[in-house]
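What follows is one structure encoded as structure tokens, with my remarks underneath.
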Amino acid sequence: MNRREFLRLAGLSALSGTAVFGPSCSPVANRNVSSSTPASKEIGDAAHFSLRIAPVKVELSPGQIVKTIGYNGSAPGPLLRVREGQQVTADVHNDSDVPELVHWHGLYVPSEVDGAMEEGTPMVPSGGSRQYSFVAQPSGTRWYHTHAFAGKDLQRSLYSGQFGFFYIQPKKNPGQYDQEVFIAAHQWNPEFVSMQDLRKGPPPDNGLEVMYRAASFNDKALGHGEPIRVKTGERVLFHLLNASATDDVRLALPGHSFNVIALDGNPIPIPRTVPVLVLAPAERVDAIVEMKQPGVWVFGSVEDDMRGIGMGVVIEYADQHGKPQWSKPPSSAWDYTVFGTSAAIPEPDQRFNLVFEKIPGGRGGFNRWTINGKSWPDVDPLVVRAGRRYRMVMENKSGDDHPIHLHRHTFEVTRIAGKTIAGIRKDTVNVPRRQSAEIDFPRMTQVSRSSTATCSSIWTSALWR
């Protein structure tokens with residue numbers, strides 16, 4: 001039994017029923033995520049944003065209120081939308097009681113404004129402010145979020161509501177569509193659970209894990225808020241983000257398919273239509289759905305227990321009424337390789353072999369994760385030179401999938417779970433449990449410290465020289 005299966009079973013005993021649908025039955029309307037405070041203004045060809053980090057209350061459903069930290073009075077924070085190549089200035093004010101910072105995930109920015117203290121970005125002190133300035137690139141669906149270290153505090157980092165979309169409008173339209181919808185999936189109310197308390201489970205020396213009591217699409221649980229309203233024949237472009245701290249999300253819309261056009265904001269070589277989407281933490285998928293099945297439908301997690309705690313939204317066709325319908329999607333495996341090509345991959349100038357392992361923490365303790373036998377900050381840097389092509393060969397010896405993100409760069413996935421591919425550009429890749437993945441950094445030009453990370457906070461550094 002792996003971690004995901006354990007948490008699913010543990011969650012079944014924690015649920016108190018499924019979502020109840022009312023007249024307004026969706027956690028997100030067919031509009032952009034908004035904020036109670038205006039976030040941006042344009043001055044000439046520059047965009048100026050203001051973000052305020054502060055305590056907020058999120059009403060997932062009547063009587064179900066989450067107290068968390070958000071941006072500009074909301075969680076998620078406001079959609080920040082700019083043009084490719086535009087100069088951006090962001091004023092960040094920290095009204096929380098701890099030092100914070102904002103990471104611009106997937107953007108090509110200098111390390112001093114990347115938003116990671118591991119790369120030298122200064123923290124924003126409690127009660128203080130900091131200004132970030134950079135050029136908006138590359139285009140596509142990016143996002144911003146806290147990069148503070150949570151440790152044992154399940155109220156901090158991405159357990160909180162500090163996340164939001166950062167959309168860089170491409171110079172070329174990504175596809176013909178009638179409507180676009182931004183949806184961030186998130187899990188709330190985390191708590192530590194002991195895997196030894198189940199009759200069946202992993203080895204008895206495994207440490208504490210995190211499970212969640214609530215979930216949502218944006219700021220509403222399934223069954224509450226406004227539905228996404230569509231018309232028959234419309235093409236809807238969904239920008240989807242997994243903003244959860246630890247778990248993959250698997251999403252479906254019964255009777256419909258997703259024509260995937262981009263992964264992590266980067267156009268894919270071969271758009272494909274699939275029945276189910278799978279996003280690891282921090283991953284994004286852009287997909288167009290043709291609305292050809294009139295009715296009222298549930299768009300949400302394929303897992304009954306996860307929909308039951310709120311992960312979903314209602315899709316409502318014009319002139320259609322009644323209880324939202326759900327049906328189990330056809331069985332399908334998520335596979336990056338179907339979106340790539342079989343083109344020849346250039347040989348790298350150098351390879352780095354990285355082995356991920358889990359050191360069990362024992363009953364009541366915390367597991368520890370290592371790369372090549374070491375944990376951050378006691379790790380060896382990977383020394384590289386600008387202009388060369390490098391390959392990371394990552395072997396995951398643990399029983400958990402591991403999302404890997406490289407700050408400030410885009411890489412090419414060249415091999416995963418034994419399959420070779422080309423043309424898939426991402427900034428986050430999910431290395432399957434007990435499998436391997438290979439990613440190439442072709443001719444990189446960033447010339448300062450960069451970092452890779454997994455959702456379990458394993459870090460290593462790449463020193464660009």
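Summing Lys and Arg as +1 and Asp and Glu as -1 over all other residues whose Cβ lies under 12 Å from the Cβ of ILE69 gives a net charge of 0.
Database remark: amide H of SER244 closer than 5 angstrom to the amide H of GLN187, ALA282 (H placed geometrically; neighbours at sequence offset of 5 or more, or on other chains; Pro and chain starts carry no H). Using a/c under 1.5 as the rounded threshold, could you call the stretch 214-291 rounded, prolate or oblate? The axes a ≥ b ≥ c are square roots of the C-alpha gyration tensor eigenvalues, and prolate needs a/b larger than b/c, oblate otherwise. Oblate, since a/c reaches 1.5 and b/c is not below a/b. With 31 Å as the limit on Cα-Cα distance, the pairs of LYS41/LYS220; LYS41/LYS171; LYS67/LYS171; LYS292/LYS419 that go past it are LYS67/LYS171; LYS292/LYS419. Residues in the stretch 233-240 carry Karplus couplings, in order, of x, 5, 10, 10, 8, 9, 9, 10 Hz; the curve used is 6.51 cos²θ - 1.76 cosθ + 1.60 with θ = phi - 60°, and Gly or Pro positions show x.
Near PRO125: Cβ cut-off under 14 Å, other residues only, Lys/Arg at +1 and Asp/Glu at -1. The net charge is -2. Note on LYS374/GLN137: beta-carbon distance plugged into 1/(1 + (r/R0)^6) with R0 of 41 Å gives a FRET efficiency of 0.80. The H on the amide N of ALA116, modeled in the peptide plane, is under 5 Å from the matching H of THR121, each at least 5 residues off or on a different chain.
For ILE404, the residues whose amide H sits under 5 Å from its own are VAL429, ASN430, VAL431, ignoring neighbours fewer than 5 places away on the same chain, with H placed 1.01 Å from N. Element breakdown for the stretch 211-292 at a 1.4 angstrom probe: carbon and sulfur atoms account for 48% of the accessible area. What net charge is computed for the residues neighbouring GLU290, neighbours being all others with C-beta under 11 Å from the C-beta of GLU290, Lys and Arg scored +1, Asp and Glu -1? Charge balance in the 11 Å sphere: 0. The phi torsions of the stretch 96-103, fed into the Karplus equation with coefficients 6.51, -1.76 and 1.60 and a -60° offset, translate into couplings of 7, 9, 9, x, 9, 7, 10, 9 Hz, rounded to whole numbers, with Gly and Pro shown as x.
Just the number please: accessible area per residue for the stretch 63-116, 1.4 Å probe, all protein chains included, in Å². About 30 Å² of surface per residue is accessible. Residues ARG235, ARG83 ordered from highest to lowest accessible area at a 1.4 Å probe: ARG83, ARG235.
Could you tell me whether the stretch 289-426 comes out rounded, prolate or oblate from its Cα gyration tensor? Rule is a ≥ b ≥ c as square roots of the eigenvalues, rounded for a/c under 1.5, then prolate if a/b exceeds b/c, otherwise oblate. Oblate shape, in that a/c is at least 1.5 and b/c is the bigger or equal ratio. 3J(HN,Hα) couplings calculated from phi for the stretch 375-385 with the Karplus curve 6.51 cos²θ - 1.76 cosθ + 1.60 (θ = phi - 60°) are, in sequence order, 10, 4, x, 8, 10, 8, x, 9, 8, 10, 10 Hz; Gly and Pro show x.
Rounded to the nearest 5, what % of the DSSP beta bridges within the stretch 132-288 are antiparallel ones?
Antiparallel bridges make up about 80 percent of those DSSP assigns within the stretch 132-288.
Per residue, the average separation of C-alpha pairs within less than 8 Å and at least 6 apart gives the stretch 60-143 a relative contact order of 35 percent. A protection proxy built from the mean count of other Cβ atoms within 10 Å ranks the segments 373-384, 333-344, 146-157, most packed first, as 146-157, 333-344, 373-384. In the context of the full set of protein chains, residues of the stretch 316-445 present 49 Å² of accessible surface per residue (probe radius 1.4 Å, heavy atoms only).
The values are calculated or read from the model by the stated rules, or taken from the named source; none is laboratory data. Keep in mind the model is a prediction, meaning the values are calculated, not measured. Please note: Cβ atoms are built from the backbone with ideal geometry, for glycine as well, and neighbour counts cover all protein chains shown. Side chains included, ligands, DNA and RNA excluded: accessible areas come from the protein's heavy atoms. Shrake-Rupley method; radii C 1.70, N 1.55, O 1.52, S 1.80 Å.
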